[in-house]
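**Q** Have a look at this one before I ask anything.
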There are 2 protein chains.
Amino acid sequence: MVHHSGVERTFAALADPTRRAVVERLGRGSATISELAEPFGISLTGMKKHVLVLEGAGLVVTEKVGRARRCTLAPYAFEGVTTWLQRLDRFAAVVERTKGR
Amino acid sequence: MVHHSGVERTFAALADPTRRAVVERLGRGSATISELAEPFGISLTGMKKHVLVLEGAGLVVTEKVGRARRCTLAPYAFEGVTTWLQRLDRFAAVVERTKGR
DNA sequence: GGAATGGTGAACCATTGGGTTCAGTATTAC
DNA sequence: GTAATACTGAACCCAATGGTTCACCATTCC
């Protein structure tokens with residue numbers, strides 16, 4: 001319930017297709033950087049950056065386990081952004097409703 | 001209900017603070033390019049570009065009225081993106097639930 | 001008609017962003 | 001101890017993005 005508001009970083013993070021795919025992947029269970037990188041044919045360094053962005057957006061949490069880094073989908077990850085959208089969605093609904101007048 | 005899937009452009013469009021503010025502004029009623037540009041101290045050309053991006057994302061519809069261009073929040077604008085998020089939100093919930101085991 | 005208003009399009013510029021490679025460091029396996 | 005694994009950091013590259021100005025077209029106002 002905490003999570004620093006910032007809808008800002010969340011949208012930016014989700015704007016990239018690779019990052020969205022990573023989020024979906026993590027939705028099916030946690031993974032290491034290499035496990036995440038492999039299916040994209042991307043370098044470890046590259047994936048590391050993506051994970052960093054996702055972490056900065058509060059969408060993913062990571063923990064170093066031995067030499068690997070375990071990445072997990074953050075709880076309440078999308079709370080801020082869904083709230084923002086639902087509010088606007090309501091606005092849009094009103095616009096739509098009053099349009100036919 | 002139509003709206004060409006593309007969660008892609010939507011997130012990218014909403015990643016920019018100016019564009020989010022424009023969307024919120026349009027949530028309180030339609031506006032022209034100049035009306036949108038003024039509060040940001042941004043050039044007309046600059047705002048035009050933003051509106052173009054929002055239009056490309058299906059979030060806004062515009063119509064030329066005389067020499068002005070009327071911009072309106074699109075109906076069902078956030079449908080795709082909220083669907084995407086709700087699905088992931090459910091994943092996140094599961095992750096959270098199974099974590100305590 | 002002429003001036004002001006509102007929007008466009010083209011060209012340019014600075015920053016950011018996604019990606020790389022290369023040279024490490026820390027763990028784990030043999 | 002040596003080798004392989006997994007990540008990390010620094011430096012760099014190129015394309016995309018947010019912004020500008022300038023010149024121009026179309027409408028509206030006097």
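Any read-out appearing in this document is the output of simple, stated calculations on the displayed coordinates, not a laboratory observation. Please read these numbers as outputs of a predicted model, since none were measured by experiment. Please note: Cβ atoms are built from the backbone with ideal geometry, for glycine as well, and neighbour counts cover all protein chains shown.
**Q** Near the amide H of residue B:32, under 5 Å away, which other amide H atoms are found, from residues 5 or more places off or on another chain, if H is placed in the peptide plane?
**A** HN-HN under 5 Å from residue B:32: B:71.
**Q** Averaged over its residues, how many other protein chain Cβ atoms are within 10 Å of peptide B:80-89's Cβ atoms?
**A** 5
**Q** Still on this structure, please answer the following. What distance in nm separates the simple spin-label points at residue B:65 and residue B:86, each placed 7 Å from Cα in the Cβ direction?
**A** 3.2
**Q** Under the Karplus relation 6.51 cos²θ - 1.76 cosθ + 1.60, θ = phi - 60°, what is the ordered set of whole-Hz ³J(HN,Hα) values for segment B:74-85, x standing for Gly and Pro?
**A** Result, ordered by residue: 6, x, 6, 3, 9, 4, x, 5, 5, 4, 3, 5 Hz.
**Q** Around residue A:74, which amide H atoms from residues at least 5 apart in sequence, or from another chain, sit under 5 Å from its own amide H, with H modelled in the peptide plane?
**A** When sequence neighbours closer than 5 places are left aside, the close amide H contacts are A:60, A:61.
**Q** Which whole-number percent gives the relative contact order of segment A:7-99, counting Cα pairs below 8 Å spaced six or more residues apart?
**A** Relative contact order, segment A:7-99: 30 percent.
**Q** Other chains' Cβ within 10 Å of B:70-76 residues: what's the mean?
**A** Average per residue, whole number: 3.
**Q** For residue A:16, which sequence-distant residues (separation of 5 or more, or a different chain) have an amide H within less than 5 Å of its own amide H, given hydrogens modelled in the peptide plane?
**A** Amide H neighbours of residue A:16, under 5 Å, 5+ apart: none.
**Q** A further question follows. State the extension gain, in nm to one decimal, for the chain segment bounded by residue B:44 and residue B:28, taking 0.36 nm per residue of separation less the distance between their alpha-carbons.
**A** Stretched fully, the residue B:44-residue B:28 segment lengthens by 3.7 nm.
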